[in-house]
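J.: I have a structure I would like to understand better, so I am pasting it below and will then ask my questions one at a time.
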Amino acid sequence: MDALIIAAGYGSRLADISASKPLTPVCGVPLIEIGIRQAMIAGVTRVVVVTGHRAELVEMALAEMAVRLGVEIVPVRLADWSTPNGHSVMAGATRCEGDYLLMMADHMFEADILARLLAEGAPDRGVTLAIDRRLDNPLVDPDDATWVRMDEQGRILAIGKTITPYDAVDCGAFLATPELAEAIRQAIAAGKPGSLSDGMQVLADRGRAAMMDIDDAWWMDVDDPRAHALAEELAPWHLSQTFAGMGE
């Protein structure tokens, strides 16, 4: 199984902490390395990383990580990294074999979330999204979150930052099939900007977007200085398997 990690954006809210969002350290470990390690623990054997802002710096770091972690890492550089994140998915998906684990470079997950997600594939779905029904989760920034509305069978009906009502929050981890990149292309052809949510909505409208409830598992989006400070405090406790042996 491949993992595709989106790491092309600017990350303006973390600019005072790091020159590159994916290289922003949490307890001394770059966010992108935490993501790669988590994917490996879940069973991924090859990682595709879409780069953009400060691409040379990120790609140099990825080359070193590949050797040190013993995993194949394939960088794919996005020429215009100011485009919506669906463009990164389309670029990276061309280098993935079959279904793939899709992750955001600034998200962290307990290992069980990703391992469970990898087992969610089924012929009746084009994508499966990890969702959190805890709408009062204090680690979620309601002004930045992507919300999800579902039907009684657990199929996604709507997804986006401004939808109402909603039942859950998007955790930023997906088990994607080749249908997802094609759905983003179709959304762009229909006049949408080309965000990942645009493609997800195309699949939702076809009944091809499913969800996986993470229940009580821990995750967070490290998107601003407040979240970064919380990550420094909480990540070693919740991601002990990920951080184990990092000093070796």
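J.: Quote the accessible area belonging to residue 166 in square angstrom, nearest 10, computed with a 1.4 Å probe and with ligands, DNA and RNA left uncounted.
T.: 80 Å²
J.: Carbon and sulfur: what percent of the chain's accessible surface (1.4 Å probe)? Don't skip to the answer; put the middle values down first.
T.: Numbers: 5490 of 10590 Å².
After summing per-atom areas, the C and S share lands at 52 percent.
J.: Okay, moving on. Can you give me the Cα centroid spacing of the range 113-149 and the range 168-227 in angstrom?
T.: After rounding, the separation between the Cα centres reads 8 Å.
J.: How compact is the range 112-210 by the rule of thumb for globular proteins, expressed as Cα Rg over 2.2 N^0.38 Å? Mind showing how you got there, number by number?
T.: Values: Rg = 13.0 Å, N = 99, 2.2 N^0.38 = 12.6 Å.
That ratio works out to 1.03.
J.: Give the angle, between 0 and 90 degrees and rounded to the nearest 10, that separates the Cα long axis of helix 225-238 from the longest principal axis of the Cα atoms of the chain.
T.: Approximately 80 degrees, to the nearest ten.
J.: What is the Cα coordinate range of the range 1-87 on the first, second and third principal axes, sorted by size from largest, in whole angstrom?
T.: Over the range 1-87, Cα extents along the principal axes are 31, 30, 20 Å.
J.: Protein chains only, probe 1.4 Å: how do 149, 54 rank by accessible area, largest first? Working shown, then result.
T.: Values: 149 65, 54 105 Å².
Ranked list, largest accessible area first: 54, 149.
J.: Also, quick follow-up: Kindly work out what percent of the DSSP beta bridges joining two residues of the range 18-158 are antiparallel, to the nearest 5. Mind showing how you got there, number by number?
T.: Details: 4 of 11 bridges.
Looking only at bridges with both residues in the range 18-158, the antiparallel portion is about 35 percent.
J.: Taking every pair of alpha-carbon atoms in the chain, what share in percent sits in each 10 Å bin, from 0 to the bin with the longest distance?
T.: With 10 Å bins starting at 0, P(r) equals 8, 34, 40, 17, 1, 0.
J.: For the chain, calculate the relative contact order in percent as a whole number, restricting contacts to Cα pairs under 8 Å that are 6 or more residues apart. Mind dumping the intermediate values first?
T.: Numbers: 493 pairs, mean separation 58.9, N = 248.
The value is 24 percent.
J.: Just to confirm the number: angle between the C-alpha axis of helix 55-69 and the first principal axis of the chain, 0 to 90 degrees, nearest 10?
T.: 70 degrees
J.: Have a look at the range 66-154 and give its Rg and Dmax from the Cα atoms, expressed in angstrom.
T.: Final numbers for Rg and Dmax: 15.7, 46 Å.
J.: At a probe size of 1.4 Å, how large is the accessible area of residue 80, to the nearest 10 Å²?
T.: Rounded to the nearest 10, that gives 80 Å².
The values are calculated or read from the model by the stated rules, or taken from the named source; none is laboratory data. Everything numeric in this text was worked out from a predicted model, so none of it was measured. These accessible areas exclude ligands, DNA and RNA; they are computed on the full protein's heavy atoms, side chains included. Shrake-Rupley method; radii C 1.70, N 1.55, O 1.52, S 1.80 Å.
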